[in-house]
Amino acid sequence: MSTPELTSSDLQEILKFTIDLAQAAGKVILEGSVAIQNVGSNVDEKKNSVDLVTEYDVKVEELVKKEIAAKYPSFKFIGEESYAAGSRAPLTDEPTYCVDPIDGTTNFVHGFPWYTGIKGQGSYLSQNGGPPQKLPLAKAPKPLATLNHAQIAVEWGNDRSLDPLTKRSGSFHRLAGDPSSGVEGGRMAHSLRSLGSSALNFSMVAQGGLDIYWEIGCWAWDVCAGALIAQEAGCTVSGSHEVFARTKSTPEFGDLTEEILVGRKYIVVRAIGDTEKEKGRDAQKRIMEEFYDTAVDYNVS
């Protein structure tokens, strides 16, 4: 059976449905937040104290899955909770919803903005009921001379075992460290930030509020929407050290391939303006290379 061709109008309709569904799911998330605060300890652990799951994760995913099946019965569905329960639907070219039911719950409760994007139609920021603003917010993205000028998003991740924790913290140490004060390989980047949500980190790079986001350990449902939003805002997305090294001099560089999407290793650099000496696209590649010369690759469970 051939993959259905979705028109621009179809994608706009799907986006509207998805935003409405996300708002409905948000009400369940807020309900859960109040319930958890009132009960205090009625929480089960997915893996450790960093990644907590409640009954509301499942409630939200069930709501989303049910509504999608009713509206688009032929569409595929990949969800975090379904995957954890053993439903391992393959990622294909069929229209597919890839869903993390609650990504960054605390951020949601505190009113972080909405980001949306459609491939080929741009990405947008919506906040406080105002009109959507096209990303990046800067009409002329600024240059980024070196890594030490960058504001970088990182996360500590869920796997806190010795090897990944040691390599991750060592990378953070070099990114932030001052080489003139004895930090070997230090880059003294402007800042390391954590928003607690891969989707929001990608979106903040798309907005231009962050320069780089690096992540190891996320899954496809954590990054697929954010990666698209970033690409539509002129960002360049790549995968692991090995994927970057293999593709950086090829036409494939910057394509969000299945290998990158499911590879659990991601890097994104914001849109960079052209200068007389360097195209923005080349600058993005240079910054990625400088970053990967500093950060250490590792694997997670």
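In what order, largest first, do ARG286, ARG88 sit by accessible area if the probe radius is 1.4 Å? Working shown, then result.
On the way: ARG286 70, ARG88 135 Å².
Ranking ARG286, ARG88 by accessible area, largest first, yields ARG88, ARG286.
Need one number: nm distance between label points at GLU94 and THR257, each 7 Å from Cα along Cα→Cβ, rounded to one decimal.
2.5
Largest first, what is the accessible-area ranking of TRP156, TRP221 with a 1.4 Å probe?
Values: TRP156 110, TRP221 25 Å².
In descending accessible area the options line up as TRP156, TRP221.
Below 8 Å, C-alpha to C-alpha, sequence gap of six or more: please give me the relative contact order for the range 148-281 in percent.
Numbers: 233 pairs, mean separation 32.4, N = 134.
After rounding, I find 24 percent.
Using only Cα atoms and rounding to the nearest 10 degrees, what angle (0 to 90) does helix 280-292 make with the longest principal axis of the chain?
90
In whole Hz, what ³J(HN,Hα) sequence does the range 202-213 give by Karplus (6.51, -1.76, 1.60; θ = phi - 60°), x for Gly and Pro?
Result, rounded to whole Hz: 4, 5, 5, 5, 4, 5, x, x, 10, 8, 9, 9.
What are the trypsin sites (Lys or Arg not before Pro) within the range 132-236 that DSSP puts in a loop, where the Cβ has at most 15 other Cβ atoms within 10 Å?
On the way: sites: LYS134, LYS139, ARG160, LYS167, ARG168, ARG174, ARG187, ARG193; in loops: LYS139, ARG160, ARG187.
Hits after loop and neighbour filter: LYS139, ARG160.
How much of the DSSP bridge set in the chain is antiparallel, in percent, rounded to the nearest 5? Present the calculation step by step, with values, prior to reporting the outcome.
Numbers: 17 of 26 bridges.
Once the DSSP bridges in the chain are tallied, antiparallel ones form about 65 percent.
Per residue, how many Å² of accessible area does the chain show with a 1.4 Å probe?
Details: 15690 Å² over 301 residues.
Computed with neighbouring chains in place, this is 52 Å² per residue.
Counting only helical runs of four or more DSSP H residues, what would the 222 nm mean residue ellipticity of the chain come to if each run contributes -39,500 (n - 2.57) and the total is spread over all its residues?
On the way: 10 runs with 121 residues, N = 301.
Calculated from helices alone, the mean residue ellipticity at 222 nm is -12500 deg cm²/dmol.
Taking Cα atoms, how many degrees apart are the long axis of helix 162-176 and the longest axis of the chain, rounded to 10 and kept between 0 and 90?
Approximately 60 degrees, to the nearest ten.
Roughly speaking, what is the centre-to-centre gap between the range 257-273 and the range 204-239 when only Cα atoms are used, to the nearest Å?
Distance between centres, Cα-based: 6 Å.
Compute the acute angle (0 to 90°) between the alpha-carbon long axis of helix 55-71 and the principal axis of greatest extent of the alpha-carbon atoms of the chain; round to the nearest 10°.
That works out to roughly 70 degrees.
When the accessible area of the chain is computed with all protein chains present and a 1.4 Å probe, what percentage of it is carbon and sulfur? Each step should come with its number before you reach the end.
Working: 8340 of 15690 Å².
Using a 1.4 Å probe with all protein chains present, the chain comes out at 53 percent carbon and sulfur.
Please compute the contact order of the chain in relative form: average sequence separation of alpha-carbon pairs under 8 Å and at least six residues apart, divided by the residue count, as a percent.
Numbers: 471 pairs, mean separation 49.0, N = 301.
It comes to 16 percent, rounded to a whole number.
The values are calculated or read from the model by the stated rules, or taken from the named source; none is laboratory data. These numbers come from a predicted model, not from an experiment. Every residue, glycine among them, receives a Cβ derived from its backbone with ideal geometry; neighbour counts consider all protein chains shown. Keep in mind that these areas ignore ligands, DNA and RNA; they rest on the heavy atoms of the full protein, side chains included. Shrake-Rupley method; radii C 1.70, N 1.55, O 1.52, S 1.80 Å.
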